Each structure stands twice: as C-alpha cells, then as structure tokens.
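**Student:** This is the structure, below, for whatever I ask next.
The values are calculated or read from the model by the stated rules, or taken from the named source; none is laboratory data. Model, not experiment: these values are computed from the prediction. Neighbour counts are summed over all protein chains in view; Cβ atoms, including those assigned to glycine, are modelled from backbone coordinates with ideal geometry.
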Amino acid sequence: MKKILFLILLLLAVLTFAACSIYRDGFTEEYSLEGASKLKITSKNGSVSVTGWENDYVQIQVNWMVEGEIDRKLQEFGREIEVVPRREGDLLTLTVTHPPRPRFIRSVSVSIELEVPREEIEHVAVETFNGSLGFYHLQAGIAGSSSNGRITAEDCLGEINLKTTNGRVVLDKVRFLGTEGSVVTTNGRIEADIALPRSGDFLLRSTNGRINVLLPAWTEGIVRMETSNGDIILDEMPPVRLLRSRKNLLEVQMHEGEMMLEVKTSNGNINLGESSSLYSVAI
C-alpha cells in the first residue's frame, strides 16, 4: 500500500513538473548620471551586484526568469519587467518592477548586474529580498540589505553598512571609512579581511555563526570580542595589550587610537588574526 501511494505521489509530481514551463530573457540599459553622486537600487526575488568601472555612466543588465503553467503568456509577462529611473537632486534611484503576478505564474526571479562610475559615485544603497548582494571595486559608501542571501564586498573603500537575515557575509580587502559602520547577519558566518580608521565605532555581528577577522598589524584601537557559545582565539597576532578577559569575552588594545571594533556572536567561535593584505596605514 505504501509503495502504491508513493508511486501515485511521484506520478503527480512528474505531471506537475511536466505541465510547467520556464522562460528566461534579459535586457541592458544605460543611464547618465546628470550630476548624481548617489545611487539607490531596489529589487526583489533576485541577486544584485554592483561593480565600479572607468566609464562615466551607469549600465544595468537585467536577467529574468518566469516559471508557470505551460502555454500561458509567460514570455509576455517577463517582458513587462522594467527598470524605473527617478532623479532627485544628487540621487539616482533605479527600481525594478513587474506587474501583479497572475495565478498561472508560480515564480518570478530577477538578477541585476550594475556597473557604475568608480570615481564619481559617492554612495550606493541596495535593497533586495530573497537574493544575494555583491559590491566590487568601489570607492563609495555602501549600504546593503537582503532578507535571504549572501553578501560579498571586495576591494571596497568607504562607509560600510550591510545587513542580511539568512546568509554568509564575506569582506575581502574592505577598508572602512567614516566614524561608524556595521555588518550584521542573523544566520551565517562572517569572514572579514578589513582595515579600520583610527577613530569611530564599528560592529561585526552574527546571531548564529562564527566570525573570522583579519586586521592589519598597524590597527589602532580596541577590539572587543564576545560570544555566548564558543571560543575566542587570537591567531598569530602582533603584540596586543589585554584590557579585559572573562568567560566568552576578550578585549584587547592594538597600539593607540580611539577606534572601537565590537565582534559579537551568539553561537560560534571568534578568530582574530593578522591580515596579509597590503593596506596603507590608518587614516
């Protein structure tokens, strides 16, 4: 009886899949800055990556996928996906939209790749749901938020504020500027090879995940590490001065400076080590 029930369920699944179609397509658009120095991108159900380049305009590549019942107007629906630009002062906003989803469409996903002027954009903000975020080769403040997805920042310089609900965060050769910055994930580990200024308050926090931090030997300031369930490990660090130590908390001073870096996780180890990246001295 169990075998028969299993075969029936399997047949229904096969028939359901067979009655489903998937269409993919995409388009590219370009936008002049027209004096804008700030960029905001809003999307949902898909990844967003932003890369700095040498040209003086913004280029966006949109790739979409629509899944739904066979012989329905899936392609027509996908082709109604568009990017709506809006300019307000020095801010250029790009919003990805699509019409209300009819019942015969089961899912819609949109991935976005942007290339932006590295020398002219001062700040980039990205919001997405159910998708990863990527920031590459930028000299700008970056703010990113995703409900479900990994966040990657590589070769970036600026004020950094990143948040994801479910996802790993990787910071590779990222230099924080300004007086504050934060990187927060609810479920995921943090891998951070970063440099920090001489002053300011900065936070790396994970609710469920380990945190690995690499700092240059010249870092100036206090590093406070705290975990509810896990170990705190100093891995081949240059000499540091111990300020506080108790179960699940360690606070150390690196040279002088007024910078404060807080590293917190509820469940996971914290590792602090020396970066091998070639950062210039603190500013």
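**Student:** For region 233-252, name all the residues that are in a strand (DSSP E or B) and over 18 Å from residue 194 (Cβ atoms). Break it down into steps so the answer makes sense when it comes.
**Tutor:** Step one: of region 233-252, the residues in a strand (DSSP E or B) are 233-235, 241-246, 249-252.
Result: 241, 242, 243, 244, 245, 246, 249, 250, 251.
**Student:** With closer than 23 Å to residue 236 by Cβ and in contact with a Leu (Cβ under 8 Å, 6 or more places away or on another chain) as the only criterion, which of 177, 215 stands out? Break it down stepwise before answering.
**Tutor:** Details: 177 fails: closer than 23 Å to residue 236 by Cβ.
215 is the lone residue from the list that is closer than 23 Å to residue 236 by Cβ and in contact with a Leu (Cβ under 8 Å, 6 or more places away or on another chain).
**Student:** Moving on to the next point. Of the residues 70, 41, which is among the aliphatic types (A, V, I, L, M) and within 19 Å of residue 152 (Cβ to Cβ)?
**Tutor:** Details: 70 fails: within 19 Å of residue 152 (Cβ to Cβ).
Result of the check over 70, 41: 41.
**Student:** Say we look at region 56-77 and pick out the residues that are exposed (fewer than 15 other Cβ atoms within 10 Å of the Cβ) and either in a helix (DSSP H, G or I) or not charged (D, E, K, R) (or both); which of these is modelled with the lowest pLDDT?
**Tutor:** 70
**Student:** Looking only at region 90-121, filter to residues that are of a type in the set (Asp, Glu) and surrounded by fewer than 16 Cβ atoms within 10 Å (Cβ to Cβ); which one of those is nearest to the chain's Cα centre (by Cα)? Steps first, please.
**Tutor:** In the first step, residues of region 90-121 are kept if they are of a type in the set (Asp, Glu); the result is 90, 113, 115, 119-120.
Remaining after also requiring surrounded by fewer than 16 Cβ atoms within 10 Å (Cβ to Cβ): 90, 119.
Working: 90: 24, 119: 21 Å.
Checking each candidate, the answer is 119.
**Student:** Right, something else. Anything in region 26-48 that is within 18 Å of the chain's Cα centre (by Cα) and part of a loop (DSSP other than H, G, I, E, B)? List them, or say none.
**Tutor:** Selection gives 43, 44, 45, 46, 47.
**Student:** Within the group 174, 223, 213, 183, which residue is hydrophobic (A, V, I, L, M, F, W, C), assigned by TED's automatic domain parsing to the domain that holds residue 270, farther than 21 Å from residue 278 by Cα and part of a strand (DSSP E or B)? Even if it seems obvious, please write down each step before you answer.
**Tutor:** Numbers: 174 fails: farther than 21 Å from residue 278 by Cα; 223 fails: farther than 21 Å from residue 278 by Cα; 213 fails: farther than 21 Å from residue 278 by Cα.
Result: 183 is the single residue among 174, 223, 213, 183 that is hydrophobic (A, V, I, L, M, F, W, C), assigned by TED's automatic domain parsing to the domain that holds residue 270, farther than 21 Å from residue 278 by Cα and part of a strand (DSSP E or B).
**Student:** Would you be able to say whether some residue in region 186-195 is of a type in the set (Gly, Ala, Ser), more than 15 Å from the chain's Cα centre (by Cα), under 23 Å from residue 151 (Cβ atoms) and surrounded by fewer than 20 Cβ atoms within 10 Å (Cβ to Cβ)? Steps first, answer last, please.
**Tutor:** Initial filter on region 186-195 (of a type in the set (Gly, Ala, Ser)): 188, 192, 195.
Subsequent filtering for residues that are more than 15 Å from the chain's Cα centre (by Cα) retains 195.
Add one more test, that the residue is under 23 Å from residue 151 (Cβ atoms), and what stays is 195.
Narrowing further to those that are surrounded by fewer than 20 Cβ atoms within 10 Å (Cβ to Cβ): none.
No, that holds for no residue.
One line per residue, one yes/no per condition, for (1) over 19 Å from residue 141 (Cβ atoms); (2) among the charged types (D, E, K, R); (3) at pLDDT 95 or above:
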| position | (1), (2), (3) |
| --- | --- |
| 182 | no, no, yes |
| 188 | yes, no, no |
| 194 | no, no, yes |
| 209 | yes, no, no |
| 226 | yes, yes, yes |
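**Student:** Next question. Which residue is nearest to residue 199 (Cα to Cα), if the candidates are limited to region 211-232 and must be of a type in the set (Gly, Ala, Ser) and surrounded by 14 or more Cβ atoms within 10 Å (Cβ to Cβ)? First the steps, then the outcome.
**Tutor:** Step one: list which residues in region 211-232 are of a type in the set (Gly, Ala, Ser), which gives 217, 221, 228, 230.
Filter again for surrounded by 14 or more Cβ atoms within 10 Å (Cβ to Cβ), leaving 221, 230.
Values: 221: 7, 230: 29 Å.
Step by step, filter region 211-232, then rank; the result is 221.
**Student:** Do you know which residues across region 139-157 are surrounded by fewer than 23 Cβ atoms within 10 Å (Cβ to Cβ), assigned to a strand (DSSP E or B) and modelled with pLDDT of 95 or more?
**Tutor:** Hits for region 139-157 are 141, 143, 145, 152, 154, 155, 157.
**Student:** Then there is this: In region 129-155, what count of residues is obtained for those that are under 17 Å from residue 95 (Cβ atoms) and in contact with a Lys or Arg (Cβ under 6 Å, 6 or more places away or on another chain)?
**Tutor:** Counting residues in region 129-155 that are under 17 Å from residue 95 (Cβ atoms) and in contact with a Lys or Arg (Cβ under 6 Å, 6 or more places away or on another chain) gives 2.
**Student:** Now for a separate question. In region 254-273, which residues are in a strand (DSSP E or B) and either hydrophobic (A, V, I, L, M, F, W, C) or within 16 Å of residue 237 (Cβ to Cβ) (or both)?
**Tutor:** Of all residues in region 254-273, those in a strand (DSSP E or B) come to 254, 258-267, 270-273.
Once the filter is applied, which keeps residues that are in a strand (DSSP E or B) and either hydrophobic (A, V, I, L, M, F, W, C) or within 16 Å of residue 237 (Cβ to Cβ) (or both), region 254-273 yields 254, 259, 260, 261, 263, 270, 271, 272, 273.
**Student:** Identify the residue in region 78-88 that is of a type outside the set (Val, Ile, Thr) and touching a residue at least 24 places away in the same chain (Cβ under 8 Å) and, among all such residues, is surrounded by the most Cβ atoms within 10 Å (Cβ to Cβ).
**Tutor:** Narrowing region 78-88 to residues of a type outside the set (Val, Ile, Thr): 78-80, 82, 85-88.
Imposing the further condition that a residue be touching a residue at least 24 places away in the same chain (Cβ under 8 Å) reduces the set to 78-79, 85, 87.
Values: 78: 19, 79: 15, 85: 13, 87: 13.
Only one residue fits best here, namely 78.
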